[in-house]
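Report on the following structure.
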Amino acid sequence: MKIFFDSIGCRLNQSEVESLANIFRALGHQIVGDPAEADLAIVNTCAVTVQAAADSRKKLRRTAREGASRVVATGCWATLYPEKALGLEGVTDVVDNDEKENLVSKILGLSPEVISKLDLVREPLPGDRGRTRAFIKVQEGCDNHCTYCLTRIARGRSRSRPLTEISRDIKAAVDGGAKEIVLTGVQLGGWGGDLLGVKSIADLLEGVLTLNGYARLRLSSIEPWDFDPKLLSFWSDERLCRHLHIPLQAGKDAILKAMGRPIGTGEYRQLIDAIRNSVPDIAFTTDVIAGFPGETDQDFAQTAEFIQSIGFAGGHVFTYSPRPGTAAFKMKDHIPMQTAKARNAALRTIFADAGREYRGQFIGTNMKVLWESSRPNQDGGWDLTGLTGNYIRVYTEAGDDLWNRITPVVLDRDHPARSALIGSLTSLSE
Ligand code: SF4
């Protein structure tokens, strides 16, 4: 069969479609980049915001319209609204998040045992969905109760994948040529809480760092209250990227309380300071919601001030998105969209300035970059872009195509138009 994959939303969704593709490929099926060629199409949907849900429906309709004979909707939006998904023209099946792990055996009528014995090799998906970094799912669901969040409703309680399965996926990625492994989940820091002899994310890292063949290991995102101080010792291994994405969501304690987030700004700052003392130069990125119900101008000003005081290397800003089924949806004092969007824009400017300041520290230094995308330029060379270990995006030109290679680069100057630096390859690079 020819199979087309698409996913919307988080890295977990991306890692899930890659894993499914690896299994289908190992069973002799072909993964195609165009739904028009596909006998079967699988779209991993998202429900985190109103826009993500709309994008999911759009992708399902387009995939069906472009000719895929069988269209499977899976992921958070399809799990929460199966009838609506099946009501979309051309959608033939809905597989909810709980069944997703066995989607291949369900579709092909094979026993999970047959699938568990396959020798998997990860290959990037065709087309622009192809990535050099391998996102490895280690955990599913979440035990927290953030009042704005639908994800935990769509994905259920936190469940950890055993280290044996994770190691198998990492081996498949390494065998497929991946240089960087990104551990991902819904509540990554919740890994181990449900396993025999309760373990923590530190035990996972200890296990993964005993594996060889990859050059870099990155944590996708970890909630501040899940950060185990035992993790600090692992940065002695230079493969572990000096970058942490720790969601903040708001810089005002009253708003954090209304969001149902079990941490205050004081503890958040203490955590950042403790990690920074132990791992200098580490990059912190984060998520923030603008316009949460009840957020006054003063609250927002305090959030902006708090963000400026932390020295982030970057951040994602989301405008609060009212989601039916969440506690926040029923709250009073919803912020007018215009105000929320203005606050979003203001926070993006703050993060852009903070990012420029963080990157500026590394101008003139020599750092290693994993080149993620390359395209020929009119000078007969290649335009490259990639990421340093501490998550700085770098642009350069090269005589050779260095896609999916890690090379040293001198970081010359800030990029005039992007949140990035421009670098030049050293003699060691090519
Ligand atoms: S930690 Fe909060 S925002 Fe993140 S998935 Fe869990 S409930 Fe949602």
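The values are calculated or read from the model by the stated rules, or taken from the named source; none is laboratory data. All figures in this text were calculated on a predicted structure; none of them were measured in a lab. Cβ atoms come from the backbone with ideal geometry, glycine included; neighbour counts cover every protein chain shown. Please note that ligands, DNA and RNA were not included when accessible areas were found on the heavy atoms of the full protein model with its side chains. Shrake-Rupley method; radii C 1.70, N 1.55, O 1.52, S 1.80 Å.
Below are the figures for this structure:
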read-out	value
Accessible area of ASP287 in the full protein assembly, 1.4 Å probe (Å², nearest 10)	20 Å²
The chain: calculated mean residue ellipticity at 222 nm from DSSP helix runs of at least 4, using -39500 (n - 2.57)	-9500 deg cm²/dmol
Cβ-derived FRET efficiency at R0 51 Å, ASP379 paired with THR164, nearest 0.05	0.55
Length-normalised contact order of segment 59-192 in % [C-alpha pairs under 8 Å, at least 6 apart]	23 percent
Relative contact order %, segment 146-242, counting alpha carbon pairs below 8 Å whose residues are six or more apart	29 percent
Of all accessible heavy-atom area on the chain, the percent that carbon and sulfur account for (1.4 Å)	52 percent
Proximal aspartates and glutamates to LYS100, defined as alpha-carbon separation beneath 12 angstrom and excluding residues fewer than eight positions away on the same chain	GLU16, GLU140
Residue order for LYS230, LYS252 - accessible surface, 1.4 angstrom probe, largest first	LYS230, LYS252
Residue order for TYR81, TYR358 - accessible surface, 1.4 angstrom probe, largest first	TYR81, TYR358
Cα pair count fraction exceeding 24 Å, expressed as % - segment 131-241	23 percent
In segment 101-196, the trypsin sites (Lys or Arg not before Pro) that fall in loop regions by DSSP, at most 11 other Cβ within 10 Å	LYS117
Those lysines that a straight Cα-Cα span of less than 25 Å connects to LYS330, excepting residues fewer than 8 apart in one chain	LYS84, LYS252, LYS257, LYS341
Average accessible area per residue (Å²) across the chain - probe 1.4 Å, nucleic acids and ligands excluded	43 Å²
Heavy-atom accessible area ranking, 1.4 Å probe, most first, across THR349, THR303	THR349, THR303
Nearest-10 value in Å² for the accessible area of CYS241, using the 1.4 Å probe	10 Å²
Ratio of Rg to Rh over the chain (Cα coordinates, Kirkwood Rh, two decimals)	0.95
Dmax and Rg, reported as Rg then Dmax, of segment 214-266 (C-alpha, Å)	13.9, 43
Cys with no candidate disulfide partner in the chain (beta-carbon separation under 4.7 Å rule)	CYS10, CYS46, CYS76, CYS142, CYS241
Loop trypsin sites (Lys or Arg not before Pro), segment 297-347 (other Cβ atoms within 10 Å of the site Cβ: 12 or fewer; DSSP)	LYS332
Qualifying GluC sites (Glu not before Pro) in segment 85-168, DSSP loop, other Cβ atoms within 10 Å at most 16	GLU89
Partner lysines for LYS199 [C-alpha distance under 19 Å; skip if fewer than 8 residues away on the same chain]	LYS137, LYS230
